[in-house]
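Structure first, commentary second.
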Amino acid sequence: MEYLTDIINAFVLLTNFVLLPALSYGSQLALGALAVTLVYSILRFSNFAQGDSMAFGTMIAILFTWFFQQQGWVISGIPTALFVIPFAIIVTASYILLTDKFVYKYYRKTNAKPITIVMASIGVMFITGGIVRLIIGPKQHFFSDGARFIFNAREFKVFTGLSEGLAFKTSHLLTVTIAVLLVWFVFYFLQKTKTGKAMRAFSDNKDLALLSGIDPDKVVRVTWILAASLTTIAGVLFGIDKGFMAQQYHLLLLPIFASVIVGGIGSPLGAIAGAFVVSFSEVLLTYAYKKFLIYLLPQSLEPNSLVQLIGTEYKYAISFVILVIVLLLRPTGIFKGKVL
Amino acid sequence: MAYLEGNNLVAAYGVVPILHGCSVEVNKGELAVIVGPNGAGKSTVMKVLLGLLESSEGSVLLDGQDIGSLSTQQRITLGLAFVPQNNNTFPSMTVEENLEMGAFLRDDSLKHTMDEVYSLFPILFEKRRQMAGELSGGQRQQVAFGRAMMTRPSVMLLDEPTAGVSPIIMDEIFGNIIDLKSSGKAVLMVEQNAQQALNIADKGFVLVSGRNEHTGSGQELINDPAVRKQFLGG
Ligand SMILES: Nc1ncnc2c1ncn2[C@@H]1O[C@H](COP(=O)(O)OP(=O)(O)OP(=O)(O)O)[C@@H](O)[C@H]1O
Ligand SMILES: [Mg+2]
């Protein structure tokens, strides 16, 4: 009986520190990766500005949040940042459409090679990152108000009588719910609506799409707006969960690209699967298993060390290693995307 | 003056000149055929007519109006439809979606036109939920043809619509083309099966190195000894 409780405790521990965090981190990555995939499939380049665009969108949401809080426009229990997302999307989409007008459009018209446009997107990345640091600074901001927990560790312990607590954060529930709804919406949009089908047609065979009367400017515009929405929401959810810091968002580019490539470049479903492969690898490899093993192993075998496979400070290296492994073993990714 | 005219077209890909002043035309209710050796510039003429490639000289007229400065999309809106020689389907979309995309500019119900396409090409109905990329080459040609029909165009431009299809389907496609022209559409077609195409053509253009080598009615060209010798194999 006692051993059974130990096993349950061990898995509660794992749920609390691995499963829930990896699920929400994976959802955040998935939304970012979906944005990259959309831009890649339709505009034909890998958008290096993705991480910094997420920072931009989140910054706008924070500014709106502060303003709403100042005005007293808050609903207790629910993060204000959620309500301001529509406003943040409008501003971010406008900003991204401006970058298109002044940067990408030129390269599209001149039929530039994808690598040229990628270089341009690196430029946009630096400018966007600069704007963000100029406006909100490089420091970390926590902007999540409202209830922190659906239930916290102590409540869980009292309720179950277990010695391990399980904290169910509001941000985790929000992240996963919103991500599921949004992914469903994007797939519905692409599969069923006329505009969505036009986007797929454009991605499939651009010349024939033009010959069918599909307006390329509209396809490009809708793509950016959709990508900007995903980008902003991904950024805000990440920020509600872990706080906002420009540099950290910038670095998200690596796990996001890893997700896209692991899943199969250009495959929306792949991007989502890839995001969870990356998030679970990151969390599983950087988690210290000591306590978990103490619950499961007989006393004689209990570990003295932390049993952490890789230090947290190396977590970005994990994305990188996954990337290299996938490119070596299965360059098309899980869902048979394009080979780079 | 013909319904659709390309006059003295000069065009180049980058700096490589391809068309050196060639002219084609077709009227409503007429079938005009462009024949000529590989690389003569037949597909290039089509691209210029559709605005996929800019001409440096010459004009494109539709119903007397100069459409040379219009975008491809605007020309489609005016009633041009095109079946390209290559890549003429959306490979990762279903057959039905391919047809829907053909009718992208239409707001009315597509059912009638779609049923028409399906009755012309029953195999497409059978495969309507399958990706176009998973079809055989000949089946894809049928999808491409059907997609162009969906716009209910006034001018059909077909670049080798029978490439890679079996003789039976070829006859069917030629049959459809004759139906199209008798329904009052203007049909301009590039065709490798010169003999058969000229047989059913009202007008023919023999293109060589970006110039009109011979122009005339289908019968005139078939009976022209020079054309016979060069292109029809004796
Ligand atoms: N996209 C392109 N870029 C550069 N050159 C091209 C391009 N397309 C065609 N050409 C060149 O233009 C010339 C004419 O090509 P076009 O496709 O018009 O020939 P065609 O008469 O249709 O031949 P075919 O019977 O083989 O289809 C060829 O010499 C070809 O190499
Ligand atoms: Mg050709």
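For the protein assembly as shown, the antiparallel share of DSSP beta bridges with both residues in that region comes to about 60%. Globularity index of chain A is 1.07 (Cα radius of gyration / 2.2 N^0.38 Å, N = number of residues). Given a 1.4 Å probe and every protein chain left where it sits, what share in percent of the accessible area of the protein assembly as shown is carbon and sulfur? It is 62 percent, rounded to a whole number.
At 0.36 nm per residue, and after removing the present C-alpha to C-alpha distance, how many nm does the segment from A:LYS109 to A:LEU181 gain when stretched out fully?
Working: separation 72, 0.36 × 72 = 25.92 nm, distance 3.53 nm.
Computed gain between A:LYS109 and A:LEU181 is 22.4 nm.
Mean projected area of the Cα convex hull of region A:1-82, taken over all directions, amounts to 9.0 nm².
Peptides A:197-209, A:301-313 ranked from most to least packed, by the mean per-residue count of other Cβ atoms within 10 Å: A:197-209, A:301-313.
Sorted largest first, the spans of the alpha carbon positions of chain B along the three principal axes are 47, 41, 33 Å.
Annotation: peptides A:92-104, A:66-78, ranked by per-residue average of other Cβ atoms within 10 Å with the highest first, follow the order A:92-104, A:66-78.
Here is the interface size for A with B: some 1700 Å² of accessible area buried, both sides summed, with a 1.4 Å probe. Shielding value for B:82-92 is 4, the average number of Cβ atoms from other chains within 10 Å of each residue's Cβ. Using a Gaussian network model on chain A with a 10 Å cutoff between Cα atoms, which of A:GLY239, A:GLY196, A:GLY129 fluctuates the most? Judging by the Gaussian network model, the answer is A:GLY196.
Normalised per residue, the accessible area of chain B is 42 Å², obtained with a 1.4 Å probe and no contribution from ligands, DNA or RNA.
For the protein assembly as shown, the extents of the C-alpha atoms along the principal axes are 101, 51, 42 Å, listed from largest to smallest. Note on A:196-206: average number of Cβ atoms from other chains within 10 Å of each residue's Cβ is 5. With a 10 Å cut-off around each Cβ of B:97-104, the average count of Cβ atoms from other chains is 6.
Over all pairs of different C-alpha atoms, region B:148-234 has a mean inverse distance whose reciprocal, the Kirkwood radius, equals 13.8 Å.
The values are calculated or read from the model by the stated rules, or taken from the named source; none is laboratory data. The structure presented is a predicted model; accordingly, all values stated were derived computationally and were not measured. Glycine gets a Cβ as well: all are built from the backbone with ideal geometry, and neighbour counts include every protein chain shown. Surface accessibility is based on the protein's heavy atoms, side chains included, excluding ligands, DNA and RNA. Shrake-Rupley method; radii C 1.70, N 1.55, O 1.52, S 1.80 Å.
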